[in-house]
Structures are given as C-alpha cells and as structure tokens.
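**Q** A single structure is presented below for examination.
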Amino acid sequence: MMVIAARNPLRVRAAAKINLHLGVGRVRADGFHPLDTVYQAISVHDDLTVGGFAVHHLEDDLRGDLGPRVHLDLRLADHLEGSDVPSGTDNLVHRAVALLEAHHGRDLPVDLILEKAIPVAGGMAGGSADAAAALVAVDRWHSLETSDEELLALAADLGSDIPFALVGGTARGLGRGEVVTPIADAGTWWWVVVPSAEGLSTPAVYRHFDALHPDAPREPPSAATLLAALATREPLRLARALHNDLSEPAIDLRPELGVLIERGESLGALRGLVSGSGPTVVFLCESSDGAKVVAEGLRSSGEAIVLIATGPVAGAHLVI
Ligand code: C5P
C-alpha cells in the first residue's frame, strides 16, 4: 500500500573530518587505543534527507523489525562510483535509528535519502557523519527533543568519532576519541583532498600500529604543539605541527601513499598528511590559489579524484 506524505522534508548536512593531530597510545584492554587528537570538520559533506517524499512505502513499515522501518535510499556522488557502501542494516544510519528507538522506547519509521560525497572507508569518518546526521534528522523529524548531552552519549555508543561529527568545527578528542572539547579556530584552512579508489580498514591500520609499536606509551602523544600552532593562524606553522601516528602503518600497508604525499609537497603543498587511518591523503595549502595549483598538478599527474576543501565547518546541522 502507498500513501501520500504531507510534510516537507528535512535535510541534515554532515561534514567529513580530518585529524590535524592524531596521537595514539598503547592498545587498552577493551581493544581501543587511547587518543589525543585534534579533529577538523571540512567542507566535503554528505546530506541526509528525511521524510516528505511523494510516495511513502507503508508496506515496509509494517514488516516489523528495525531494518524495514528505515527506508534508506543511497545516492553516490560521481567520484564515489563503485564504492562499497553498506546498504543494509550494517549501515551506521540504521544503527543510529535503532539506538534512538531504544532510547525513547518507541518505533521511529523514516524514509531517508543519503547523498554521499565523503570518501568511503577513507579515514574521513564518512559513516560517522551519516550516523550523526541520522541522530539529528530523526530527532527533529519525530520531534523527540533529545538533549545535546543525550545525543552525544548515543553518538559515543555508536562510534568513537561520531560525537565529533555532531560538534564539528575544530575540537580536541580524548579517551578513544569520543570525549570532545571544541577549540577556538578563527582560521580558514585550505585543503586538497585525494581519496584512494580502494578503502583501508581502520582496525587493520590500528593493528599494524600495534605490530610496529608494541612499546607505544600508555599516554598518547600530546596535541599541545598542534594547538599552539593552530592559534597562530599561520598555515606554515600549522603545516609543521601536523602529526599522525597512523601515518606510518597506513603508508607501510599502502606505500603509494608516501609517493603521493611527496608529489603533492613538490607541487607546493605546505604539508601532506594521511587523514586518520587513511587512505585519503590531505594537503594543507597556503591559500585558495595554492590549493588550485596543487590540485591541478595532481590531476595532471594522473590522480583521478582531487577535491578542494576548507575547514573548519559546522557539525551535523539542518539545512532545510
Ligand atoms: O569506534 P569505532 O567503531 O569507530 O572504531 C572502529 C575500530 O577502530 C575499533 O573497533 C578499533 O579496532 C579501532 N579503534 C581503536 N581505537 C580508537 C578508535 C578506533 O583501536 N580510539
């Protein structure tokens, strides 16, 4: 059976993240690593639209268990063609809705369209962005009025970097990355973003870090130097302070990432860096013009997908 839905849709935008500093300590008993990290949300984003479509698949709602109550239509940007996005109940969007249902003790049927542009399995927390968008979108659609504190707690249950996807901007992450404190960041930073055709598994990169550093310190390397550089608002100072402990294991697993970083730096990028657990590589540039030169150079040298982005931008928020 089909019915006409009468309400206007809501759209929530959620940004990709990069890590300006990713200090990793020795693996904890629960399998997670203690982090001292500085996240930045950048202007590559996914959009999640909820409800209000002309045709509502009521028959799906009546099927009962969670998956079918969430109708998720996935649309990939051209540069993501062929990416392997989990479409079933494995998708973090489904898990986010299930958690909200459990929290509020009621069914929350939704029709969702997810427009993806964030590289998949790319070290940019695209799945986390989608989960954060789902928490905000479903909360608003069903007028649940979940408090910010509750949303942050649900986000932390879903994944280590999902609280940051809600908060956005520039923020420090402690614990396993889920304890987030916003950082004042008045700069506009220019980034060139180069995704890889094939993703890297985050747990595999962390495992490789463990193998390379069995004696890693219990306390992760501090973000203090990065934070001081950020406050100067000088791109060259920030470039020198960028730090990622997962760079070495990611490049060891994918040596071509090291070659890509050298190429971008020889084209004039201030610094190239693996984003999170990779394999996306980001280049900090002096200015928008600098970013254009680096992006053009990388395209000419054969990189199929090269994006230009700025940061910081907002966390998951309503755009209509
Ligand atoms: O928290 P999330 O589900 O995003 O983490 C995915 C995986 O990444 C974890 O299962 C773990 O293998 C690894 N991870 C970690 N330490 C962290 C965050 C993630 O080892 N602080």
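**Q** For a quick check of your reading of the model, give me the residue pairs whose first member lies in the range 13-32 and is away from the ligand (no atom under 12 Å from the Cβ) and assigned to a strand (DSSP E or B), whose second is of a type in the set (Phe, Trp, Tyr) and open to solvent by less than 10 Å² (accessible area, probe 1.4 Å), with beta-carbon atoms closer than 8 Å and at least 6 apart or on different chains.
**A** Ile18/Tyr39; Ile18/Trp191; Leu20/Tyr39
**Q** Applying the selection to the range 142-190, what residues are among the charged types (D, E, K, R), in contact with a Pro (Cβ under 9 Å, 6 or more places away or on another chain) and over 18 Å from Leu227 (Cβ atoms)?
**A** Arg176, Glu178
**Q** Would you check which residues across the range 193-224 are open to solvent by 70 Å² or more (accessible area, probe 1.4 Å) and more than 16 Å from Val24 (Cα to Cα) and list them?
**A** Ala197, Glu198 - these are the residues of the range 193-224 that are open to solvent by 70 Å² or more (accessible area, probe 1.4 Å) and more than 16 Å from Val24 (Cα to Cα).
**Q** Next up: What is the number of the single condition among (1) in contact (Cβ under 8 Å) with a residue 24 or more places away in the chain; (2) surrounded by 17 or more Cβ atoms within 10 Å (Cβ to Cβ); (3) within 16 Å of the ligand (Cβ to nearest atom) that Ala156 does not meet?
**A** Against the list (1) in contact (Cβ under 8 Å) with a residue 24 or more places away in the chain; (2) surrounded by 17 or more Cβ atoms within 10 Å (Cβ to Cβ); (3) within 16 Å of the ligand (Cβ to nearest atom), Ala156 comes up short only on (1).
**Q** Taking the residues in the range 191-222 that are within 20 Å of Ala16 (Cβ to Cβ) and of a type in the set (A, V, I, L, M, F, W, C) as candidates, determine which candidate is modelled with the lowest pLDDT.
**A** Top of the filtered list is Ala197.
**Q** Determine whether the range 118-128 contains at least one residue that is among the aliphatic types (A, V, I, L, M), in contact (Cβ under 8 Å) with a residue 60 or more places away in the chain, within 16 Å of the ligand (Cβ to nearest atom) and outside any loop (DSSP other than H, G, I, E, B).
**A** Scanning the range 118-128 turns up no residue that is among the aliphatic types (A, V, I, L, M), in contact (Cβ under 8 Å) with a residue 60 or more places away in the chain, within 16 Å of the ligand (Cβ to nearest atom) and outside any loop (DSSP other than H, G, I, E, B).
**Q** While we're here: Listed residues Val205, Val259, Val167; which is hydrophobic (A, V, I, L, M, F, W, C) and more than 16 Å from the ligand (Cβ to nearest atom)?
**A** So the residue among Val205, Val259, Val167 that is hydrophobic (A, V, I, L, M, F, W, C) and more than 16 Å from the ligand (Cβ to nearest atom) is Val259.
The values are calculated or read from the model by the stated rules, or taken from the named source; none is laboratory data. Note that the structure is predicted; figures quoted are calculated from it, not measured. When we count neighbours, we look across all protein chains shown, and the Cβ atoms used for this are built from the backbone with ideal geometry, even at glycine. Only protein heavy atoms, including side chains, enter the accessible area calculation; ligands, DNA and RNA are left aside. Shrake-Rupley method; radii C 1.70, N 1.55, O 1.52, S 1.80 Å.
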